[in-house]
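The values are calculated or read from the model by the stated rules, or taken from the named source; none is laboratory data. What you see is a predicted model, and the numbers here were worked out from it, not measured in a lab. Note that each Cβ is placed from the backbone with ideal geometry, even for glycine, and that neighbours are counted across all protein chains shown. Quick note on the areas: whole protein, heavy atoms, side chains included, nothing else; ligands and nucleic acids left out. Shrake-Rupley method; radii C 1.70, N 1.55, O 1.52, S 1.80 Å.
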Amino acid sequence: MLTDEEKARIRAEEEYRERIRLESQRHAQQINAPNYWTGFILNLLIVGIGHFVIGEVGWGVVWLLLAIFLVPATGFIAWPFIAFGVLIHYRNVYAHKYQ
């Protein structure tokens, strides 16, 4: 049987290993991060395509379809909101995922 002291020591070691594993994964993710500006410029050229660069295909499709269907339907009134919205959303997703 393990004593309470040994159990506490083992628990502390497991917590330490988990923390190191998470830090290592985060570091590897930051090193392998795609270029921010590539996705940003792609979003300027074609709305939503920049999300494909950072692996957010679902969001890219949503923004692209939103631009395709909503902009002509509103007489291009929605265009500035979609253009700025996609850039702000891209920045937030990139920061959350890679920093």
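Can you find a residue that is at pLDDT 95 or above, closer than 29 Å to Q99 by Cβ and either open to solvent by 80 Å² or more (accessible area, probe 1.4 Å) or of a type in the set (V, I, T) (or both) anywhere in the stretch 20-36? No: zero hits.
Could you identify the single residue in F69, F81, F76 that is more than 15 Å from the chain's Cα centre (by Cα) and at positive phi? Working first, answer last.
Values: F69 fails: at positive phi; F81 fails: at positive phi.
Sole residue among the options that is more than 15 Å from the chain's Cα centre (by Cα) and at positive phi: F76.
Scanning the stretch 73-99 for residues that are open to solvent by 80 Å² or more (accessible area, probe 1.4 Å) and either hydrophobic (A, V, I, L, M, F, W, C) or farther than 17 Å from W37 by Cβ (or both) gives A73, F76, I77, W79, F81, F84, I88, H96. One residue stands out in the stretch 43-57 among those that are hydrophobic (A, V, I, L, M, F, W, C) and more than 13 Å from R91 (Cα to Cα): the one that is least open to solvent (accessible area, probe 1.4 Å), namely V47.
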